[in-house]
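Working notes for the structure below.
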Amino acid sequence: MQGRMARWLAAAGLVALASAAPAQAAVVQGAVGQGLVRADDGRIGDFQFRVEKVLASQDGQDLVRVKGQGAFRLVAPDHAVVEITCKNVRQFVIGDDKKSAEFAGPALMVVRTPQGVRRLQGVLGWRVADRGRPGPMNPPDLVGVHFTPAEGGQPFEFGGVVIRGDVRVFEVTESAP
């Protein structure tokens, strides 16, 4: 009986402590997607990304945390393979419509050709649009990537409509007692 009473008193103390703390709220914005994208010229690339931005307020201070990653791959008509990997997304902006987003981070682009392999450091930027669930009633989602080499040179761009897969852009408000 004493053990049960001690647990009840401990639980009551935790509830009192939690109710004395100010309520906190967090907004989670993000984008997630995977699939194939076709450009106007017929080239097809594959993509995957997962990005999250948390906006919170704690003890009167605003906190922002962005994390995520993304990858893009294309086999060009000349049989060159372009692979771009971003393992640390650092910027994320959700559109006013809450259905589009832009995000970016440092990336590595690897270009494989019959002549050899080139590795370029740079920044990969994404623009994505969530146009609803894939299907005949909704227009296809959109994905665009832009890679800017760190040491100058020709940027790489690719964009088009998602022909297989899905893009989701979201915003959720979470509150904690």
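The values are calculated or read from the model by the stated rules, or taken from the named source; none is laboratory data. Because the structure is predicted, anything quoted here is derived from the model rather than measured. Methodologically, a virtual Cβ is constructed for each residue, glycine included, from the backbone with ideal geometry; neighbour enumeration extends over all protein chains shown.
Can you name the residue in the stretch 143-153 that is in contact (Cβ under 8 Å) with a residue 40 or more places away in the chain and within 18 Å of the chain's Cα centre (by Cα) and, of all such residues, is surrounded by the fewest Cβ atoms within 10 Å (Cβ to Cβ)?
Keep residues of the stretch 143-153 that are in contact (Cβ under 8 Å) with a residue 40 or more places away in the chain, which gives 143, 145, 147, 149.
Subsequent filtering for residues that are within 18 Å of the chain's Cα centre (by Cα) retains 143, 145, 147.
Numbers: Val143: 25, Val145: 25, Phe147: 21.
Among those residues, the one meeting the criterion is Phe147.
Identify the residue in the stretch 23-80 that is in a loop (DSSP other than H, G, I, E, B) and among the acidic types (Asp, Glu) and, among all such residues, is farthest from Pro134 (Cα to Cα). Give the derivation first.
Here is the first cut: in the stretch 23-80, the residues in a loop (DSSP other than H, G, I, E, B) are 23, 39-43, 59-60, 76-80.
Subset that is among the acidic types (Asp, Glu): 40-41, 59, 78.
Details: Asp40: 19, Asp41: 22, Asp59: 42, Asp78: 31 Å.
This residue is Asp59.
Among the residues that make up the stretch 88-99, is at least one of them exposed (fewer than 15 other Cβ atoms within 10 Å of the Cβ), assigned to a strand (DSSP E or B) and at pLDDT below 95?
no
Would you check if Val167 is assigned to a strand (DSSP E or B) and either out of contact with any Phe, Trp or Tyr (no Cβ under 9 Å at 6 or more places or on another chain) or within 21 Å of Arg43 (Cβ to Cβ) (or both)?
Yes; evaluated as a whole, the condition is true for this residue.
So Met137 passes all but one of these: (1) free of Cβ contacts under 8 Å to residues at least 24 places away in the same chain; (2) surrounded by 11 or more Cβ atoms within 10 Å (Cβ to Cβ); (3) not in a strand (DSSP E or B). Which condition number does it fail?
Against the list (1) free of Cβ contacts under 8 Å to residues at least 24 places away in the same chain; (2) surrounded by 11 or more Cβ atoms within 10 Å (Cβ to Cβ); (3) not in a strand (DSSP E or B), Met137 comes up short only on (2).
Would you tally the residues in the stretch 142-170 being over 15 Å from Phe103 (Cβ atoms) and at pLDDT 95 or above?
Residues that pass the stated criteria total 13.
Just to verify a result, which residue in the stretch 58-78, among those that are of a type in the set (A, V, I, L, M) and farther than 21 Å from Val167 by Cα, is nearest to the chain's Cα centre (by Cα)?
Taking the stretch 58-78 first, the residues of a type in the set (A, V, I, L, M) are 63-64, 66, 71, 74-76.
Of the ones still in play, those that are also farther than 21 Å from Val167 by Cα are 63-64, 75-76.
Details: Leu63: 18, Val64: 15, Val75: 23, Ala76: 25 Å.
Across the stretch 58-78, the extreme among qualifying residues is Val64.
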